[in-house]
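Structure record follows, encoded as structure tokens.
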Amino acid sequence: GDSVTQMEGPVTLSEEAFLTINCTYTATGYPSLFWYVQYPGEGLQLLLKATKADDKGSNKGFEATYRKETTSFHLEKGSVQVSDSAVYFCAFHTGGFKTIFGAGTRLFVKA
Amino acid sequence: NAGVTQTPKFQVLKTGQSMTLQCAQDMNHEYMSWYRQDPGMGLRLIHYSVGAGITDQGEVPNGYNVSRSTTEDFPLRLLSAAPSQTSVYFCASNPGQGSGANVLTFGAGSRLTVL
């Protein structure tokens, strides 16, 4: 069935380190792909998205590329900040009415 | 622009009690949905609505009811609370059409504890 697998956390990095959070999906058809971020005490908010193969979504220094051949959508940032500490969710939408979420990856960034 | 507003933020119930989580959006979105968030499990869809008067079940609907009498409001009712319903609940909405059709806007969440 449809599912999202993302790397388990927590991930702990020092400020200015490089971040990668891996995400792979199993879906029928050609889904739209998303990364949502949840800051402490808040709801999820869209970080970036990509709607077709080879699209690159980007926002706030974060990037992810839609890789259809490997069914992946890895999140990267070149230099993390303390303010990036949050939980990151990979998700996809296949049409109809369903967004499938991964379990989330908690990121801690130390000063 | 308030977006999606959920109330209450926190609630403690005893087993068997009933309650309603309120959700309202002011973006004129057609689609609204309720998710629960549990540790290590991501978000799971409880119920959703594609317009006023139309609701349907998601992945984990048992023990919950919804209604959609207006475009703006989508309350979630717990009929007889059980400890397994202890969770954080999120209401979300999305336009349903256009370039951002499937982009979800979430409320801040409601943390429910059932004793």
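Values quoted throughout were computed directly from the atomic coordinates according to the rules given, and no laboratory measurement underlies them. Given the structure is predicted, the values throughout are model-derived calculations rather than measurements. For neighbour counting, all protein chains shown are included, and Cβ atoms are generated from backbone atoms with ideal geometry for every residue, glycine included.
Quick look at the numbers
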{"item": "For region B:5-61 and region A:36-107, distance of Cα centres in Å", "result": "22"}
{"item": "Qualifying GluC sites (Glu not before Pro) for region B:1-92 [loop in DSSP, other Cβ within 10 Å: at most 14]", "result": "B:E59"}
{"item": "For the protein assembly as shown, alpha-carbon Rg and Dmax in angstrom", "result": "17.5, 51"}
{"item": "Simple spin-label estimate for A:T28 and B:V12 in nanometres, 7 Å along Cα-Cβ", "result": "4.6"}
{"item": "Debye intensity ratio in log₁₀ form over the Cα atoms of chain B, taken at each q of 0.23 Å⁻¹", "result": "-1.35"}
{"item": "Spin-label zone in region B:60-77 - amide nitrogen under 17 Å from a point set 7 Å from the Cα of B:T5 along the C-beta vector", "result": "B:70-76"}
{"item": "Top positive-direction residue, dipole computed over the protein assembly as shown with Cβ charges, set A:I21, A:V109, B:S67", "result": "B:S67"}
{"item": "Percent of alpha-carbon pairs separated by more than 17 Å within region A:48-111", "result": "48"}
{"item": "Length added when fully stretched, A:Q81-A:S14, from 0.36 nm per residue minus Cα-Cα", "result": "23.3 nm"}
{"item": "Positive-end residue, region B:1-100 charge dipole about Cα centroid, Cβ charges, pick of B:H47, B:S80, B:Q25", "result": "B:S80"}
{"item": "Rg over Rh, two decimals, region A:1-73 (C-alpha only, Kirkwood Rh)", "result": "0.97"}
{"item": "Region A:47-111: trypsin sites (Lys or Arg not before Pro) in DSSP loop, at most 14 other beta carbons within 10 Å", "result": "A:K52, A:K60, A:K68"}
{"item": "Computed label-point distance, nm, for sites B:N65 and B:D26 using a 7 Å Cα→Cβ extension", "result": "3.0"}
{"item": "Contour minus Cα-Cα distance for A:D2 and A:T70 (0.36 nm per residue)", "result": "22.9 nm"}
{"item": "Exercise: per-residue mean of other protein chain Cβ atoms within 10 Å, B:71-78", "result": "0"}
{"item": "Residue order, fewest to most surrounding Cβ atoms within 10 angstrom, among B:V12, B:V60, A:V4", "result": "B:V12, B:V60, A:V4"}
{"item": "GNM result for chain B, Cα springs below 10 Å: residue of B:G100, B:G40, B:G58 fluctuating most strongly", "result": "B:G40"}
